[in-house]
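Visitor: Mind looking over this structure? Questions follow.
The values are calculated or read from the model by the stated rules, or taken from the named source; none is laboratory data. Note that the structure is a prediction, hence the values are computed from the model and not measured. Heads up, the Cβs are rebuilt from the backbone with ideal geometry, glycines too, and the neighbour counts pull from every protein chain shown. Note: areas computed on protein heavy atoms with side chains; ligands, DNA, RNA excluded. Shrake-Rupley method; radii C 1.70, N 1.55, O 1.52, S 1.80 Å.
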Amino acid sequence: MRRRLAFVLVPMLAVAAAGCAIPTQGSPSTMAPTKVPFNLLNPQLPTTTTTVPKPTSLVPVKVFFLNAGTQLTSAPRVVAAPAPLTAIITSMLAGPTRAETTQGITTAIPSNVTVLSTTTQGNIVTVNMNAAFGAITGTNIELAVGQIVATVSTENGPNYDTGVLFEIDGQHISVPIANGSQVNAPVYLIEFL
């Protein structure tokens with residue numbers, strides 16, 4: 001019985017499979033335009049746009065740290081063009097490199113301090129820092145203010161023309177200058193020389 005069933009089913013399956021096969025021809029044939037699937041006769045090729053990112057260009061800047069005598073000293077850095085002040089200050093806040101540290105270069109600004117924003121109106125730059133900046137105490141706060149003022153002044157134009165206002169979380173604050181007095185107005189580099 002099994003052999004008879006197999007004898008009948010095998011030829012039937014072969015006929016069914018042959019009906020599903022792709023027909024072949026010896027040469028190409030023409031197809032009526034009405035039988036061509038949608039948009040395959042459109043002579044315009046589809047367009048795609050590929051955005052190739054531009055290589056990031058870096059520009060050299062100067063940031064300020066403290067030498068062994070706690071005097072302001074410049075150090076070179078590179079930041080992505082167009083080098084906004086926020087990026088420049090952020091590169092300073094990263095602190096001195098190992099090589100600079102072995103040369104006695106330090107910073108008065110702890111690593112948890114960040115710059116939130118900078119705004120410029122004429123020759124006055126407002127630097128908005130996080131709350132950690134307000135936790136700096138003693139002579140370190142004067143030195144930290146000096147580092148920021150020197151860095152901003154160097155990048156914002158003639159060194160002695162730029163004044164820096166300080167904010168913490170968007171609130172204006174008074175800061176000490178090199179002689180220890182508190183200033184509630186723009187701070188200039190000349191006050192640290």
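Visitor: Could you count how many residues in region 143-163 are of a type outside the set (S, T, Y) and touching a residue at least 40 places away in the same chain (Cβ under 8 Å)?
Guide: Selection size over region 143-163: 11.
Visitor: Which of (1) more than 18 Å from P84 (Cα to Cα); (2) at pLDDT 95 or above; (3) not hydrophobic (A, V, I, L, M, F, W, C) is the odd one out, the single condition T126 does not satisfy?
Guide: Unmet for T126, out of (1) more than 18 Å from P84 (Cα to Cα); (2) at pLDDT 95 or above; (3) not hydrophobic (A, V, I, L, M, F, W, C): (1).
Visitor: Of all residues in region 90-125 being part of a loop (DSSP other than H, G, I, E, B) and touching a Pro at 6+ places or on another chain (Cβ under 8 Å), which is most open to solvent (accessible area, probe 1.4 Å)?
Guide: Taking the candidates together, the pick is T107.
Visitor: Specify the residue that is most open to solvent (accessible area, probe 1.4 Å); the eligible residues are those in region 174-185 that are within 15 Å of V125 (Cβ to Cβ) and touching a residue at least 12 places away in the same chain (Cβ under 8 Å).
Guide: Among residues in region 174-185 that are within 15 Å of V125 (Cβ to Cβ) and touching a residue at least 12 places away in the same chain (Cβ under 8 Å), the one most open to solvent (accessible area, probe 1.4 Å) is A185.
Visitor: May I ask you to list the residues in region 126-173 that are β-branched (V, I, T), part of a strand (DSSP E or B) and within 17 Å of F64 (Cα to Cα)?
Guide: Residues satisfying the conditions are V127, V164.
Visitor: If you don't mind, another one. Which of (1) at pLDDT 95 or above; (2) buried (at least 17 other Cβ atoms within 10 Å of the Cβ) does A83 not meet, given it meets every other one?
Guide: All conditions pass for A83, except number (1).
Visitor: Please find, among V145, V149, the residue that is buried (at least 23 other Cβ atoms within 10 Å of the Cβ) and out of contact with any Ser or Thr (no Cβ under 9 Å at 6 or more places or on another chain).
Guide: Unique residue meeting the criteria: V145.
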